[in-house]
Amino acid sequence: MKATATQQADLLSLANLDLQITRSKVAIKNLSAGTQFAELRQAQRDLAAKIIAARNALDTVDLELKRSEADLQLVEQRIAKDEQRLNSTNNSKDAQGIQSELESLARRKSDLEDIELEILDQQENARAVYATVSTDKNAVDDELGAAEARDEAELVKLRSGLDLLSNDRAQQASRLASDLLELYEKKASRGVAVARLVGRECGACRITLGATAFNELEALAQDDIATCPECQAILVR
Ligand SMILES: [Zn+2]
């Protein structure tokens, strides 16, 4: 089969388009898979679980604080009542009993106040943990959102690029004689169909031709189709 210099250039140009199309399809496939976000999505899940735990811890502390405040209130009411009773009694024995109860209530009040301070401390810590985890979660959400938007824009660009390449490819293929196109498609189904011969190196398989093979290629007429003896690609000289 023969191919003029122009036809050989057209074949090479078709091969270049096919190479770009393949690369573009691979890039689209990789971006569409979304695996580039696996780490961020895992971090997002971990932080979501941590937020729930932090929220639960904070709720528990809030509840403990309410209970402790209620306990303290009861003791304070009891103290007020006892003081009233103490002021209104004339019986010294009763007064002694009330006095002793007031002392024990004062100890109880002091204990409860200590407990409340401790709980307030825990509440502050729990709030800080919740705030930190929330901030981290928001940061990961933002990062993931931005990365997804960036990749989505890149996908739109790649897809429209692929449309253009496919149109170019169709036009380029229609310019070729049908027997040449058939030969091209057959070779393309197995690998790189056409490549340039650079020095003695095949541009498709990168193997340097031996002296005999190279001399055979050199001896061919300019419009003869040269083939790489290693990978069977059409070699454009
Ligand atoms: Zn080759």
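The values are calculated or read from the model by the stated rules, or taken from the named source; none is laboratory data. None of these values were measured; they are calculated from a predicted model. When we count neighbours, we look across all protein chains shown, and the Cβ atoms used for this are built from the backbone with ideal geometry, even at glycine.
Tabulated data for the structure shown
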| item | result |
| --- | --- |
| Criterion: free of Cβ contacts under 8 Å to residues at least 12 places away in the same chain and not assigned by TED's automatic domain parsing to the domain that holds Val61 - qualifying residue of Lys157, Lys186 | Lys186 |
| Among the candidates Leu102, Leu74, Leu17, Leu65, residue that is within 30 Å of Ser134 (Cβ to Cβ) and either surrounded by 16 or more Cβ atoms within 10 Å (Cβ to Cβ) or not charged (D, E, K, R) (or both) | Leu65 |
| Odd one out for Arg190 among (1) in a helix (DSSP H, G or I); (2) farther than 17 Å from Asn16 by Cβ | (1) |
| Residue within the range 110-123 that is farther than 16 Å from Glu69 by Cα and modelled with pLDDT of 95 or more present | no |
| Candidate set: the range 197-237, residues that are closer than 15 Å to Leu19 by Cβ and either away from the ligand (no atom under 11 Å from the Cβ) or aliphatic (A, V, I, L, M) (or both); chosen: the one surrounded by the fewest Cβ atoms within 10 Å (Cβ to Cβ) | Val236 |
| Residue list for the range 95-116, filter: more than 14 Å from Glu76 (Cβ to Cβ) and touching a Lys or Arg at 6+ places or on another chain (Cβ under 8 Å) | Ile98 |
